[in-house]
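Contents: one structure, followed by commentary.
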Amino acid sequence: MTAELRAPRHFGVVAPAFPSHFSALAALAGELVRRGHRVTFLHRPDAAAYLGSRSAHAANGGMAPSPGIGIGHGGGCIGGVIVPGIAFHALGADRFPSGSLEAALRRAANPGSPLGLRKVILDMAAATDMLCEELPNAIEALRIDALLGDQMEAAAGLVAEALQLPFISVACALPVNREAAVPLPVMPFGYDASERGLQMVAGSTGVYDWIMTPHRRAIERQARRLGLSARGAMHECLSPLAQISQTIAGFDFPRQHLPASFHHVGPLRSSDGAGTRATITPLPAFDPDRPLVFASLGTLQGQRFGAFQRIARACRALDVQLLAAHCGGLSEHQAKAIEHAGTPGATTVCAFAPQRAALVRANAVVTHAGLNTVMDAIATGTPMLALPIAFDQPGVAARVSHAGIGRKASARITGASALAAHLRALLNDPSYQRSLAPLSAELAQAGGTARAADIVEQALAQTPAGAAA
């Protein structure tokens, strides 16, 4: 990397206040800090907890982060704590007082009724409004000269464009880039380029855009206020310089119209492993001659006792070992009940487990289809049973099925016997591992965090550094 490419920058990071998004961007931020740049995350006060108490306290005027908010890294629940060298600047304290994020996360993880879903969308709109209105002054005060913007937060692109600030878009979830034949990330159906498939994508996209009306109005309103051209959706607020995705091309549906500046780099993870929280380290001594199933439903959905109980009963029906990680979502009594439901003497239930190690040992994984867990399972060549619950998980599960690397079912209604049938197929049919092999090889060459940092530096090489230089 030349000295020109390494000109120090002060990056601001703008992302939805969700654990996995902060986790991925913190990994990229950490790599940029190691290369001599400065990085400051900007969001509501409670989000400081995602970066750890020391960094948040030092950079936030002594404000302590809210207790009880952990950071997740996909289904394995890698708990984030302390990201050295990364600062946090609180915004919107009057609109988002301390303690309010926990309720917003609960709504997002379990929207339930249409009214509940509308509240989640209103939360998104409120965050975009707040960030668009408060970011400009904070960017000027902190002398930030470039932004890293999560694709899922339109404020990053809107504000960067208004301030004529260079910015990079990062897809921490499935990419929001739209194509006529590609279902939106939240849609559960597969790829179909036929006329019928195109109609299904168009119809479902229209419904989605109607449901997202409150968020669209927020984007429209802020674009007008900032003096920008009209736009109303997240995919219209992406960087022209570079777009970075945690996926690999082989996992996504066939794409024909991604911009030349779009880069698949695979998972954004910390190179030093800092911040890992696991209550079972190392793994228990599982019987090497007996299949092992690893089950986790993610940081925000780990409280689903009924789903875990059905998974345990399915494993008991197959007489296989089970390691279930509930990410702190279940009580001790519920954890014991799941152990009792599983194979006697071969069922381990814990709050947190080292995901990579568990997947290396497991013969199959039951997952909520969180993108981080799925990418880890691809890396380790572990067949998946996807039980999508929320967010982009239905789209991730559809891609798991499309790629032939696993199966999908319902986390809510699929019974233990049906789950057992799915697991039996994953354990006995070698076609799933054959399909995983080329994707594992592709992921191993994707570059991850280091390549993402290279892309960021290269994209900004031709733009003058500001106060950080």
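The values are calculated or read from the model by the stated rules, or taken from the named source; none is laboratory data. These figures come from a predicted structure and were not determined experimentally. A quick note on method: Cβ atoms are made from the backbone with ideal geometry, for glycine too, and the neighbour counts reach across all protein chains shown.
Odds and ends about this structure:
- Residue satisfying all of: in the range 157-197; in contact (Cβ under 8 Å) with a residue 12 or more places away in the chain and in a helix (DSSP H, G or I); farthest from GLY448 (Cα to Cα) among these: GLY197
- One residue stands out among those in the range 290-308 that are farther than 20 Å from ALA390 by Cβ and of a type outside the set (Val, Ile, Thr): the one that is surrounded by the fewest Cβ atoms within 10 Å (Cβ to Cβ), which is ARG290.
- Annotation note: of GLY404, GLY342, GLY328, the sole residue that is over 20 Å from the mean Cα position of the chain (by Cα), surrounded by fewer than 23 Cβ atoms within 10 Å (Cβ to Cβ) and among the small types (Gly, Ala, Ser) is GLY404.
- With respect to being in contact with a Pro (Cβ under 7 Å, 6 or more places away or on another chain), hydroxyl-bearing (Ser, Thr, Tyr) and modelled with pLDDT of 95 or more, SER204 fits the description.
- Scanning the range 342-379 for residues that are farther than 15 Å from ALA285 by Cα and among the β-branched types (Val, Ile, Thr) yields a total of 7.
- Scanning the range 222-244 turns up one or more residues that are crowded, with 21+ Cβ neighbours inside 10 Å and assigned to a strand (DSSP E or B).
- Among the residues of the range 375-406, those identified as of a type in the set (S, T, N, Q) and either in contact with a helix residue (DSSP H, G or I) (Cβ under 8 Å, 6 or more places away or on another chain) or within 25 Å of VAL120 (Cα to Cα) (or both) are THR380, THR382, GLN393.
- Scan the range 337-358 for residues that are touching a Ser or Thr at 6+ places or on another chain (Cβ under 6 Å) and either polar (S, T, N, Q) or within 10 Å of LEU323 (Cα to Cα) (or both) and the total you get is 2.
- ALA450 meets each of the listed conditions (1) in a helix (DSSP H, G or I); (2) under 19 Å from the mean Cα position of the chain (by Cα); (3) crowded, with 22+ Cβ neighbours inside 10 Å apart from (3).
- So ASP289, is it more than 25 Å from VAL396 (Cβ to Cβ), part of a loop (DSSP other than H, G, I, E, B) and at pLDDT 90 or above: yes
- Selection over the range 409-428 of residues that are part of a loop (DSSP other than H, G, I, E, B) and either of a type in the set (A, V, I, L, M) or without any contact (Cβ under 8 Å) to a residue 12 or more places away in the chain (or both) gives a count of 3.
- For first residues located in the range 228-239 and charged (D, E, K, R), partners that are surrounded by fewer than 18 Cβ atoms within 10 Å (Cβ to Cβ) and lie 6+ apart or on another chain with Cβ distances below 6 Å do not occur.
- Any hit, the range 389-399, residues being surrounded by fewer than 19 Cβ atoms within 10 Å (Cβ to Cβ) and of a type outside the set (S, T, N, Q): no
- Every residue from the range 128-156 that is assigned to a helix (DSSP H, G or I) and closer than 19 Å to TYR208 by Cβ: THR128, ALA154
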